[in-house]
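The values are calculated or read from the model by the stated rules, or taken from the named source; none is laboratory data. Values in this document were obtained by computation on a predicted structure and should not be read as measured data. Cβ sites come from the backbone with ideal geometry, for glycine too, and all protein chains shown count toward neighbours.
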Amino acid sequence: MPNSNSDELDDKIREALSDEDRALMAHFEEQGLFGQLGSLFQGKLAWLSMITFVVGLLMFAIGVYAAWKFATVGEVISMLKWGAIAWSGIMSMIMIKLWSWMRMETNRTLREIKRLELQIVRMQGI
């Protein structure tokens with residue numbers, strides 16, 4: 001639940017800005033989940049996000065296939081092998097997703113810092 005004091009302060013800041021400043025600030029507004037996810041595929045590290053996305057899908061597919069094989073084989077040794085592959089695939093996918101979420105949070109923090117810098121520059125009239 002958003003803080004109402006924060007919303008009131010944001011509204012006062014918006015009222016104090018000129019139309020040009022409002023348009024510029026709108027570019028740095030907080031993004032939703034899908035906007036943040038899309039921002040992973042923009043900028044200098046977009047290529048890395050594409051690679052990790054593909055590798056994450058591959059690891060998920062390997063993990064699901066290995067889990068299915070684990071459930072269908074009858075020998076204990078085979079079950080252990082497929083179980084280890086399934087665990088490795090799913091854990092790899094989870095680690096890639098965690099990295100993506102941390103990167104989304106970093107992008108969000110950087111966007112907020114740029115927004116604050118813009119407000120300071122506008123207040124100083126530079």
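Here are the numbers for this structure:
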read-out	value
Positions within segment 72-126 being surrounded by 14 or more Cβ atoms within 10 Å (Cβ to Cβ) and over 25 Å from Q36 (Cα atoms), in sequence order	V73, M79, K81, W82, G83, I85, A86, W87, S88, G89, R122
Residue in segment 85-96 that is polar (S, T, N, Q) and modelled with pLDDT under 95 present	no
Qualifying residue in segment 22-35 (condition: in a helix (DSSP H, G or I), modelled with pLDDT of 85 or more and within 15 Å of the chain's Cα centre (by Cα))	no
Members of segment 59-74 that are closer than 16 Å to I94 by Cα and either touching a strand residue (DSSP E or B) at 6+ places or on another chain (Cβ under 9 Å) or of a type in the set (V, I, T) (or both)	I62, V64
